[in-house]
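A.B. asks: Structure provided below as structure tokens; questions to follow.
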Amino acid sequence: MTDTATDKMTAMPLIPATALPRFETPLVPRNSISGRALVAVVAIMTFLVSITTGGVMLIGSAASEWEADVAREVTIQIIPAPGRDVDAAVQKAASVARAFHGIGDVRAYSKEESIKLLEPWLGSGLSLAELPVPRLIVVKIASGAAPDISQLRRVLAEQVPGATLDDHRGWIDRMRAMAGSAVAAGVCILILMIAATMLSVTFATRGAMATNKPVIEVLHFVGAKNGFIAGLFQRHFLMLGLQGGAIGGGVAILLFALAGIISRWLAGTAVGDQTAALFGSFSIGFGGYAAVLAQVGLIAVVTAGTSRHTVNRTLENID
């Protein structure tokens, strides 16, 4: 090389490395239309699952309270019959119940009170005085006691003709069946929502891979491991799942909190009393809120895992 060539090369300006353009476009676009749509889908799914879970918890709590209230009471009925002194039979049955071990309180309904109990079913204004309306005796079990109801039934049958005892076992069994059905329905809805989320994530992942297919193929053929490429998609869809789950779960939590505030505000009114009778305090409590947050994490994990599985399956077909 001559001195002239050396001088020319020395005179050429050096381009600093920092001046070179750098392209840092992510493999999976962060704010694409499909990404925003997936966030909306995940938010809707999480909201519906959270509402279902909260509703199941409210029904289960109310059913437990109803069952506990009913289990603490039994009812004695005195059936009128020709030649039977119903008032004397009521007094005798009440005395037998009061003397029985484990019984806390006994209240015998008068004939007028028994007739009033039928008004919600038959309407008011009807003359029921001549009808053989059964007389009722409400027997409350003492706190912490476990009386032998079968023995009480036998004693009443022996000493009080026409007396029958109802421990509401059939009603309690139906209540348990209803609560179990609600829980089963909630589990089925949760499974369906997770399946729908997995399908949505699968289609979104395949769409993102189709959009960036040339880049993925280049990375694959230059030696990039499948786990590296799948990890990029997994992290991307994990963030989308967390974002959508947080939106849906947050809205559900706010809705339940607002419902609890409204129920406390309506306490003492007719609407509030009816709501409290059906749903208790209408609050899912700390356990309910923890369940909603757990579902948010579950949806995010399902989203990320589904995306990684889809990418791995697709890259295996490229090999």
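A.B. asks: Evaluate region 224-239: report whether one residue or more is open to solvent by less than 50 Å² (accessible area, probe 1.4 Å) and part of a loop (DSSP other than H, G, I, E, B).
C.D. replies: yes
A.B. asks: For region 278-304, which positions are open to solvent by 30 Å² or more (accessible area, probe 1.4 Å), modelled with pLDDT under 85 and either aliphatic (A, V, I, L, M) or closer than 12 Å to residue 45 by Cα (or both)?
C.D. replies: Residue satisfying the conditions is 278 alone.
A.B. asks: So which residues in region 206-223 are part of a loop (DSSP other than H, G, I, E, B) and open to solvent by 60 Å² or more (accessible area, probe 1.4 Å), if there are any at all?
C.D. replies: Within region 206-223, just 222 meets the criteria.
A.B. asks: Scan region 131-140 and tell me whether some residue there is open to solvent by less than 80 Å² (accessible area, probe 1.4 Å), in contact with a helix residue (DSSP H, G or I) (Cβ under 9 Å, 6 or more places away or on another chain), in a helix (DSSP H, G or I) and among the hydrophobic types (A, V, I, L, M, F, W, C).
C.D. replies: no
A.B. asks: For region 154-172, which residues satisfy the criterion of being surrounded by fewer than 17 Cβ atoms within 10 Å (Cβ to Cβ) and modelled with pLDDT of 80 or more?
C.D. replies: 154, 157, 158, 159, 161, 164, 166
The values are calculated or read from the model by the stated rules, or taken from the named source; none is laboratory data. Remember, predicted model here, so these are calculated numbers, not experimental data. So basically every Cβ, Gly included, is an ideal-geometry build from the backbone, and we count neighbours across all protein chains shown. Calculation scope for accessible area: heavy atoms of the full protein, side chains included, ligands and nucleic acids excluded. Shrake-Rupley method; radii C 1.70, N 1.55, O 1.52, S 1.80 Å.
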